[in-house]
1. Filter the stretch 126-150 for residues that are among the hydrophobic types (A, V, I, L, M, F, W, C) and loosely packed, with under 14 Cβ neighbours inside 10 Å; which is farthest from residue 35 (Cα to Cα)?
2. Of all residues in the stretch 378-422, which are at pLDDT below 80 and of a type in the set (Phe, Trp, Tyr)?
3. Mind telling me which of the residues 479, 486, 430 ends up being assigned to a helix (DSSP H, G or I) and at pLDDT below 80?
4. Looking at (1) crowded, with 22+ Cβ neighbours inside 10 Å; (2) out of contact with any Gly (no Cβ under 9 Å at 6 or more places or on another chain); (3) at pLDDT 80 or above, which is the one condition that is false for residue 436?
5. Checking the conditions here, which among 247, 158, 153, 241 is in a helix (DSSP H, G or I), among the small types (Gly, Ala, Ser) and surrounded by 12 or more Cβ atoms within 10 Å (Cβ to Cβ)?
6. Among residues belonging to the stretch 136-161 that are within 21 Å of residue 48 (Cα to Cα) and free of Cβ contacts under 8 Å to residues at least 60 places away in the same chain, point out the one that is farthest from the chain's Cα centre (by Cα).
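The values are calculated or read from the model by the stated rules, or taken from the named source; none is laboratory data. Since the model is a prediction, treat every value here as computed from it, not as a measurement. As a convention, Cβ positions derive from the backbone with ideal geometry for all residues, glycine included, and neighbour counts pool all protein chains shown.
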Amino acid sequence: MTLRLRMTLVVVAIVAAGLIAADVITYTTLHSYLTGQVDNELTEAVHPIGQELVHQVDGAAGLFQPEYDDPIVPPGTFAELRDQSGTVLAVGGIGYGTGPTLPTALPGSGLVADGPLFLTTTGQSNAGVRTTYRVEAEAVAVDGQPFGTIVVAIPLTATEQTIGRLLLIEGLVTLILLIGLAVLSWWIVRRELRPLDDMATTAGEIAAGDLSQRVSPEDDATEVGRLGHALNTMLGEIEEAFDARRASEERLRRFLADASHELRTPLTSIRGYAEIFDRGAKDRPGDLQTSMHHIRSEADRMSELVDDLLLLARMDQQRPIERESVDLRAIVEEAVDAARAATPGSTFTVIAPAPVTVLGDAGRLRQVVDNLLTNAVRHAPASGPVQVRTWSAGTAAILDVIDHGPGIPEEDREKIFEPFHRSDPSRARATGGVGLGLAIVSAIAQAHDGAVGVVDTEGGGATFWVRLPLAVAADGAAAEPSSVEA
């Protein structure tokens, strides 16, 4: 059974119960009222009728006929007088024709000794006509002495006709109302639940693979609208999750392809020098030394590449890092000193007006500075200056590494932090590196709840910035903002 049909049946059943209850209450109330009216007629008629029947017993001529036209005594009224033993002494009535319908099971005198008695009984004529009577029985006294019982029965034909007409009207009205309500409810429920049908259709299309589908309406004023809004929100998150998954899988495939390519080069070189060794280089000391030197160099290069890949894998698994107070300025000064010794032809300038303390792993942060310095030296002009600046802004510690090389194209500024990415020929493998240095910088910064980025250097070049949370607010005035903040 569908939800639409169940809701329609529930509405019809509730309204039917209400209508039937109203019909029963109306019927009972009207029946009680009409019966009360008949009882009033009996009360007003019993005394004059009783007097007339007593006169008959005393020898008065003729059956009882009221001497006045009393509308409360309808045609068909029946009366009888009984003595104290229950013997019928006189019988009377109004409007009797041929084959009168007489009430049966009339009470005896003993039933009304303490007051009037009202009851309902039936009667049947010789022609088989069945009539319902309302009967009142009351004790009669003559000259202050108990005489007997007067029984008066009024036919309830008019009352039954009224009640029957009421039942017919109530039945027809109830039936018509229920049919109309069922049709109207079906139409309303179908209209209101149509968005659910649309949602089911949309869900089928989504299940078929089209995650761009959305449901409507999104009106939060109704339950269906709120459901549609929640479903659209969920679908948006699911689509984003699937897009992120596809992007992650694509990055993984590209990463594996690049890693395989980078590892194939040193392996090919090692295999080539090993073949030279097999071809007789072992017997030539000069060739043997050259082969071993190149094999060791390629092995070191491959080992460094594998270490970088392992580091990226650990960072991607979000493994916890050591957290301790570290002076970023001290790390920068140590890294710059090492860079000066490694590249004596380059010029390095450190701008660090005050200590900048962060919570992190000193070894990993040193690796960040080393990688940025190596990148700057590799792409800066010969003997070109490289500036390193540390400063604080609010609750953040900022590290800037500024070179005056060719800069980074706008379209490559986000991709440059991906593994194995190279933007232009000036940053190709020929200049050194395999494209993992900046990816490691980004991974370490994110592990420290920080971020990295690159902007243009004024006058040409690139400024790489790293933002990390401060452990302790820097003393004194903050350093002059770099182009990152601008």
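1. Of the stretch 126-150, the ones among the hydrophobic types (A, V, I, L, M, F, W, C) are 127, 129, 135, 137, 139-142, 147, 150.
Applying the additional criterion that residues be loosely packed, with under 14 Cβ neighbours inside 10 Å yields 127, 129, 141-142.
Numbers: 127: 27, 129: 22, 141: 27, 142: 30 Å.
Result: 142.
2. 417, 420, listed by residue number.
3. Details: 479 fails: assigned to a helix (DSSP H, G or I); 486 fails: assigned to a helix (DSSP H, G or I).
Answer to the selection: 430.
4. Result: residue 436 fails condition (3) only.
5. Sole residue among the options that is in a helix (DSSP H, G or I), among the small types (Gly, Ala, Ser) and surrounded by 12 or more Cβ atoms within 10 Å (Cβ to Cβ): 158.
6. Initially, the stretch 136-161 is screened for residues within 21 Å of residue 48 (Cα to Cα), giving 136-156.
Now drop any that are not free of Cβ contacts under 8 Å to residues at least 60 places away in the same chain, which leaves 137, 139, 141, 143-145.
On the way: 137: 72, 139: 77, 141: 83, 143: 89, 144: 86, 145: 87 Å.
Ranking the candidates gives 143 first.
Here is a yes/no grid of residues against (1) in the same structural domain as residue 362 (by TED's automatic domain parsing); (2) exposed (fewer than 13 other Cβ atoms within 10 Å of the Cβ); (3) modelled with pLDDT of 75 or more; (4) closer than 27 Å to residue 449 by Cα:
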site	(1), (2), (3), (4)
231	no, no, yes, no
252	no, yes, no, yes
264	no, yes, no, no
280	no, yes, no, no
289	no, yes, no, no
333	yes, no, yes, yes
